[in-house]
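> Let me give you the structure first, and then I'll get to my questions.
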Amino acid sequence: MESKPKLKRTLTMWPMAMLGLGYLTPAVVFDTFGIALRDTKGHVPTAYALTLFAMIFTAISYGKMVQAYSHAGSSYSYTLKTLGANAGFMVGWLSLLDYLLLPLINVLLAQQYLEVMFPSMPNWIWVIGVSSIVTIINICGVQSTAFMNSIFVYFQLSIVFVFIILCIKEVQAGMGIGSVISLEPFYNNNFEARAIINGATILCFSFLGFDAVSNYAEEAIDPKKDVPRAIILTAVLGGGLFIVASYFTQLAFPTTDFFTEIENSTAADISYHVGGRIFQLFFLAASFGGVFASGIVSHASVSRLLYAMGRDKILPSSFFGHLSHRFHTPVYNIIFVGIICLGAFLFTVETAIHFISFGSLVAFSFVNISVIFHYAVKNKFTNTFKDIIFNLISPIIGLIFICVLWAHLQSTALILSSGWGILGIIYLFVLKSVIKLDLNSVAKKHVWEDEAL
């Protein structure tokens with residue numbers, strides 16, 4: 001009898017951290033810079049710093065839950081095991097908003113870069129081409145995904161470094177603020193706390209990546225040790241890069257006057273004004289490499305979430321719970337996400353970000369809640385200083401920051417995402433009343449076999 005295929009354990013800490021950075025896409029700071037500059041009223045690095053501070057506590061919570069449940073599925077799995085079937089299903093369903101749309105938004109951004117570099121080619125070629133290549137790479141296995149991702153991340157980081165040098169040169173020559181050392185990007189006369197928080201709700205989209213690392217828990221050699229470390233490392237490195245890059249960008253571009261349109265990527269305008277047409281081509285190539293890497297990793301991550309939900313029969317298991325015997329990857333899910341990416345024509349960057357922000361805040365909120373319930377409520381809570389800090393105070397602080405972001409989430413995101421939530425409630429009713437799936441048994445039984453680690 002042929003054994004049931006499993007995800008292969010091949011990843012160590014650094015490849016997972018690189019996968020996280022690839023998911024974050026360091027160059028995304030330039031894509032969303034115009035939107036962030038407008039919404040923060042000229043305080044982009046301040047908003048990034050606030051978002052990083054808020055995300056660190058949530059990153060710690062992800063690490064704690066990986067140590068408790070070293071399985072694919074991320075926030076869906078943690079909520080299912082700690083808060084029950086109904087909550088787990090809804091968190092998984094709502095989280096699909098950001099996990100499904102991030103591969104799509106990467107295809108959209110890649111198409112925009114390629115359109116600038118090759119203006120005579122029709123857009124549909126790029127959408128189909130990028131979606132197809134990313135799908136094929138993911139089908140071949142997580143090692144090929146990690147290898148291709150690392151190449152694009154390193155190339156991207158090198159171009160960002162060159163960009164900072166050119167920014168310094170142009171600012172010293174009188175461009176923008178005119179001084180390399182200035183507090184204006186962090187605090188100026190237009191400072192408004194509400195504007196900073198509004199900007200942070202959008203920029204939390206940029207931090208999607210540290211949480212996605214948890215989806216590789218079943219492909220990590222030592223998940224309880226390496227996955228939490230990779231999560232924290234991804235958040236710190238990515239956040240630090242965002243702050244530094246946005247600081248120098250705002251020195252050169254203190255207002256939105258340089259940008260032709262801010263609702264979509266501003267990377268082309270930024271690179272052209274700093275380094276001219278030749279540098280713009282290299283910059284867009286790096287940006288394309290960044291979104292391509294993010295497309296690969298986000299594609300891989302959502303396919304694992306769909307696999308976890310399919311394996312639990314919350315989604316049709318014959319399709320979503322299928323693993324390839326040859327590649328040990330959820331091939332059907334990967335192809336399914338590739339088809340969704342073809343919908344890039346239907347979205348703008350700003351619209352997709354609204355959806356993604358809602359889904360990510362749902363996931364972040366319930367991971368913090370799961371830590372509190374798992375460690376401080378359901379299990380015996382020791383009153384050691386370390387337990388109090390990491391199992392109670394840290395997730396509470398993380399949840400408070402996430403609630404602040406919730407309070408400032410734009411109404412557009414709430415309205416658009418509520419429709420998806422209503423569909424989830426209807427589907428949940430069908431699962432329980434029509435299909436007669438016992439969700440409580442899904443939550444109680446160990447659908448995953450813990451391996452000796």
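> Taking only the alpha-carbon positions of region 214-261 and ignoring solvent, what does the Debye formula give for the base-10 log of I(q)/I(0) at q = 0.17, 0.23 Å⁻¹?
-0.63, -0.81
> How large a share of the accessible area of region 47-149, in percent, is made up of carbon and sulfur atoms when the probe is 1.4 Å and the other protein chains stay in place? Spell out each step's value before the answer.
Values: 2140 of 2870 Å².
Looking at region 47-149 in its full context, I get 75 percent from C and S.
> Same structure again: In whole Hz, what ³J(HN,Hα) sequence does region 215-227 give by Karplus (6.51, -1.76, 1.60; θ = phi - 60°), x for Gly and Pro?
6, 9, 4, 7, 10, 8, 5, 10, x, 5, 9, 7, 5
> While we're looking at this one, here's another question. Return the ratio Rg/(2.2 N^0.38 Å) for region 199-298, where Rg is computed over Cα atoms only. Let's see the in-between values first.
On the way: Rg = 16.5 Å, N = 100, 2.2 N^0.38 = 12.7 Å.
Computed over Cα atoms of region 199-298, the ratio equals 1.30.
> For Leu11, what residues show an amide H to amide H distance below 5 Å, using hydrogens built from the backbone and excluding near sequence neighbours?
Residues meeting the criterion, in which the H sits 1.01 Å from N, are Ala220, Ile221.
> Across 10 Å bins from 0, what is the distribution of all Cα-Cα pair distances for the chain, in whole percents?
5, 22, 32, 26, 12, 3, 0, 0
> Cβ neighbours within 10 Å, averaged per peptide: list 154-164, 242-252, 211-221 in order, most packed at the top.
On the way: 154-164: 17.7, 242-252: 23.1, 211-221: 27.5.
Averaged packing, sorted descending, gives the order 211-221, 242-252, 154-164.
> Once fully extended, how much extra length lies between Ala173 and Phe191, figured as 0.36 nm per residue of separation less the alpha-carbon to alpha-carbon distance? Each step should come with its number before you reach the end.
Numbers: separation 18, 0.36 × 18 = 6.48 nm, distance 2.67 nm.
Going from the current span to full extension adds 3.8 nm.
> Set the Förster distance to 51 Å, then compute FRET efficiency between Ile136 and Asp438 from the Cβ-Cβ distance, nearest 0.05.
0.85
> Sort 326-333, 37-44, 121-128 by packing, meaning the average of other beta carbons within 10 Å per residue, with the highest value first.
Numbers: 326-333: 20.8, 37-44: 23.6, 121-128: 14.8.
Going by the mean number of other Cβ atoms within 10 Å, highest first, we get 37-44, 326-333, 121-128.
> Keeping every protein chain present and rolling a 1.4 Å probe, give me the accessible area per residue for region 269-377 in Å². Don't jump to the answer; show the numbers that get you there.
On the way: 3360 Å² over 109 residues.
Ligands and nucleic acids excluded, the result is 31 Å² per residue.
> Let me ask another. How large is the helix-only mean residue ellipticity at 222 nm for the chain, computed as the sum of -39500 (n - 2.57) over DSSP H runs with n ≥ 4, divided by its residue count, in deg cm²/dmol to the nearest 500? List each step's numbers first, then the result.
Working: 18 runs with 306 residues, N = 453.
Value at 222 nm, helices only: -22500 deg cm²/dmol.
> Answer with one residue from His328, Leu361, Leu166: the one whose Cα lies farthest towards the positive end of the charge dipole of the chain, charges on Cβ with Lys, Arg +1 and Asp, Glu -1.
Highest projection toward the positive end goes to His328.
> OK, next. Using θ = phi - 60° and the Karplus form 6.51 cos²θ - 1.76 cosθ + 1.60, what ³J(HN,Hα) does each residue of region 355-372 get, whole Hz, x for Gly and Pro?
Per residue, the Karplus-derived 3J(HN,Hα) values read 4, 5, 4, 4, x, 5, 5, 4, 4, 4, 4, 7, 5, 5, 5, 5, 4, 4 Hz.
> Further question: Sorting check: for 393-405, 13-25, which peptide has the highest mean count of neighbouring beta carbons within 10 Å, and how do the rest follow?
Values: 393-405: 19.3, 13-25: 26.8.
Sorting 393-405, 13-25 by mean packing, highest first, produces 13-25, 393-405.
> Using a basic spin-label model with each label point 7 Å from the Cα along Cα→Cβ, how many nm lie between Val180 and Trp14?
Using points 7 Å along Cα→Cβ, the separation is 3.0 nm.
> Keeping every protein chain present and rolling a 1.4 Å probe, give me the accessible area per residue for region 26-124 in Å². Could the numbers behind the result be given before it?
On the way: 2140 Å² over 99 residues.
That works out to 22 Å² per residue.
> Could you derive backbone 3J(HN,Hα) for region 182-192 from the dihedral phi with the Karplus parameters 6.51, -1.76 and 1.60 (θ = phi - 60°), listing whole Hz in sequence and x where the residue is Gly or Pro?
7, 8, 4, x, 9, 7, 9, 5, 8, 4, 9
The values are calculated or read from the model by the stated rules, or taken from the named source; none is laboratory data. Predicted model only: the values in this text are computed from it and were never measured. So basically every Cβ, Gly included, is an ideal-geometry build from the backbone, and we count neighbours across all protein chains shown. When the accessible area is computed, the model is the full protein with side chains, heavy atoms only, and any ligands, DNA or RNA have been set aside. Shrake-Rupley method; radii C 1.70, N 1.55, O 1.52, S 1.80 Å.
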